[in-house]
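A quick write-up on the structure given underneath.
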Amino acid sequence: MIVAGEASGDAHAAKLVRELRAQTGIDFEFFGAASHHLRAEGVEEIVNADELSVVGLLEIGKVLPMFWRAFRKLRDAAVSRRADAVILVDFPEFNLKLARSLKRRGIKVIYYISPQIWAWRQYRIGAIKKYVDLLLTILPFEKDWYLKNGFSKVEYVGNPTISEVAARSTREEFCSKYGLNPKRPVIALLPGSRHKEIARILPLMLQTAEDMTDREPALQFVIALANLRRETEVAAAFSKSGVVRDALSIVTAHGETFDALNASDAAAVTSGTATLETAVIGTPLAIVYKTSPLNYRIFRPMISVEHFGLINLIADERIATELLQDDLTTDSLGTELFRLLDPEVNASFRRRLAEATEKLGHGGASARAASAILLFLSGADENSRNGT
């Protein structure tokens with residue numbers, strides 16, 4: 001069984017499924033929580049992963065019955081089908097509870113893309129020690145953190161973003177497709193992959209675009225959305241922002257995030273995997289995030305790291321400005337994006353991004369993760385740990 005709970009996890013999980021089959025020639029039977037990437041790889045959908053992509057206490061509280069139904073369906077399917085193992089992909093709020101339930105029922109638990117407990121809620125190390133048989137990390141500092149905290153069943157496999165992120169079109173081709181002028185500045189707006197993120201963050205991004213256009217009419221904007229997001233969400237954001245769409249030089253691209261970033265001079269990116277993808281593409285960015293005031297008051301004290309943005313964590317310095325919660329305003333975001341459009345700042349920023357992403361290696365994470373899983377399932381991994 002394989003369980004992914006949001007868009008980025010679904011994409012990484014699909015590559016892993018492909019690698020497991022390619023390395024063995026075995027037509028594994030996969031089932032679990034899947035979105036369109038996993039479904040495309042032939043994974044049987046027990047639960048639609050799109051429905052699980054919810055963030056925030058109030059938001060989760062409203063859909064708890066749905067989460068509980070999904071949990072029971074996955075648990076019962078794993079038990080009744082006698083799954084050889086469950087591969088849990090990121091999504092710790094749900095997956096750590098599932099790990100506990102399945103481990104107690106004698107099912108091997110593999111966790112790919114480890115929970116970021118080094119950043120917050122470090123007490124969860126106890127649950128991982130008790131209920132996870134193999135942990136696969138994708139950030140270079142994570143393995144050492146787990147080892148220092150007494151968990152040895154961990155392997156660093158590299159970061160899948162490196163090999164998965166690639167633009168399919170040039171700036172000129174992308175601009176031609178969407179009626180943009182490649183000689184004028186282009187700014188990408190990435191409002192997130194969840195509905196609530198788009199609803200909260202995109203209206204502010206649009207207001208910023210309007211203010212910036214008032215100062216510099218030559219600016220062009222691209223709203224980059226995941227395939228699963230709908231145009232109605234963009235229309236709702238325009239309505240909420242009060243911005244007249246025709247007053248801006250702005251287009252919407254679905255499922256073309258990498259091409260949009262590659263064509264852009266700068267980007268405003270919602271905190272998450274997309275910030276790392278933007279860094280790999282090499283586009284200077286401002287990292288933004290806004291949640292409900294209640295969520296922020298509850299969760300902010302739990303976070304123990306200096307930086308929120310993944311690229312800043314990897315670099316161990318503040319490369320990209322982080323505009324979070326009350327610091328995220330139209331003035332602050334507009335000021336930072338104008339700064340990033342300065343040619344000298346832009347060139348320096350791109351060099352620093354290249355230096356930071358070099359720490360992630362040069363791809364092959366999905367293949368190494370598949371090899372580690374196959375070794376573990378064969379029993380050779382345990383034998384090597386026992387010295388036999």
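Read-outs: derived from the displayed coordinates by stated rules, not from any lab. Just so it is clear, the structure is predicted and the values come from calculations on it, not from any experiment. All Cβ positions, glycine included, derive from the backbone under ideal geometry; neighbour counts span all protein chains shown.
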Positive-pole candidate from Ser114, Phe221, Tyr131, dipole of the range 98-223, charges at beta carbon: Tyr131
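Treat every Asp and Glu Cβ in the range 105-179 as -1 and every Lys and Arg Cβ as +1, leave all other atoms uncharged, and give the resulting dipole magnitude about the Cα centre to the nearest 20 debye. Write out the running numbers ahead of the final one.
Values: 12 positive and 7 negative charges, 94 e Å.
With Lys and Arg at +1 and Asp and Glu at -1, about 440 debye.
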Quick check on the range 163-275: take the gyration tensor over C-alpha atoms, sort the square-rooted eigenvalues as a ≥ b ≥ c, and tell me if it's rounded (a/c under 1.5), prolate or oblate. oblate
Which residue, chosen from Ala99, Gly42, Ala367, occupies the Cα position most advanced towards the positive end of the dipole of the chain, where the dipole is computed from +1 (Lys, Arg) and -1 (Asp, Glu) charges on Cβ about the Cα centre? Ala99
Which ³J(HN,Hα) values in Hz, rounded to whole numbers, follow from the phi angles of the range 268-273 under the Karplus curve 6.51 cos²θ - 1.76 cosθ + 1.60, where θ = phi - 60° and Gly and Pro get x? 10, 10, 5, 4, x, 4
Between the alpha carbon centres of the range 314-359 and the range 267-292 the gap in Å comes to 9
Quick one: putting +1 on the C-beta of Lys and Arg, -1 on the C-beta of Asp and Glu, what dipole do you get for the chain around its Cα centre, in Debye to the nearest 20? 1600
Inter-probe distance in nm under a simple model that places probes 7 Å from Cα toward Cβ, at Arg215 and Arg82: 6.7
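Considering only DSSP beta bridges with both partners in the chain, what is the antiparallel share in %, to the nearest 5? Kindly include the intermediate steps, with their values, before the conclusion.
Numbers: 1 of 41 bridges.
Antiparallel bridges make up about 0 percent of those DSSP assigns within the chain.
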Residues whose built amide H sits under 5 Å from the amide H of Ile2, excluding neighbours closer than 5 in sequence, are Phe31, Gly32, Ala33, Ile87
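Starting from the Cα-Cα distance between Leu324 and Arg339, subtract it from 0.36 nm times their residue separation and give me the gain in nm to one decimal.
Working: separation 15, 0.36 × 15 = 5.40 nm, distance 1.80 nm.
Length gained, Leu324 through Arg339: 3.6 nm.
What does the convex hull of the Cα atoms come to per residue for the range 217-353, in Å³? Don't skip to the end; give the middle numbers.
Numbers: hull volume 17.1 nm³, N = 137.
So the per-residue Cα hull volume is 125 Å³.
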Using modelled amide H (1.01 Å from N, peptide plane; none on Pro or chain starts), what sits under 5 Å from the amide H of Thr291, excluding residues fewer than 5 places away? Gln325
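Rounded if a/c is under 1.5, else prolate if a/b beats b/c, else oblate: with a ≥ b ≥ c from the C-alpha gyration tensor eigenvalues square-rooted, which is the range 215-285? Show your work: numbers first, answer last.
Working: a/c = 2.02, a/b = 1.30, b/c = 1.55.
In terms of gyration-tensor shape, oblate.
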Using θ = phi - 60° and the Karplus relation 6.51 cos²θ - 1.76 cosθ + 1.60, list the HN-Hα couplings for the range 7-21 in order, rounded to whole Hz, with x at every Gly or Pro. 4, 5, x, 4, 5, 5, 5, 5, 5, 5, 4, 4, 5, 4, 6
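Once you order the gyration tensor axes a ≥ b ≥ c over the Cα atoms, which shape class does the range 30-177 get: rounded for a/c under 1.5, otherwise prolate or oblate by comparing a/b with b/c?
oblate
Relative contact order, percent, of the chain when contacts are C-alpha pairs under 8 Å separated by at least 6 residues?
Contact order relative to length: 16 percent.
Give, in nm to one decimal, the length gained when the segment between Leu377 and Lys130 is fully stretched (0.36 nm per residue of separation minus the Cα-Cα distance).
Full-extension gain reported as 87.1 nm.
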The range 54-196: relative contact order from alpha carbon pairs under 8 Å, six or more residues apart, as a whole percent, is 17
Residues other than Ile26 with Cβ under 15 Å of its Cβ, Lys/Arg counted +1 and Asp/Glu -1, net out at -3
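Dividing the alpha-carbon radius of gyration of the chain by 2.2 N^0.38 Å (N being the number of residues), what value is obtained? Mind showing how you got there, number by number?
On the way: Rg = 21.2 Å, N = 388, 2.2 N^0.38 = 21.2 Å.
The value comes to 1.00.
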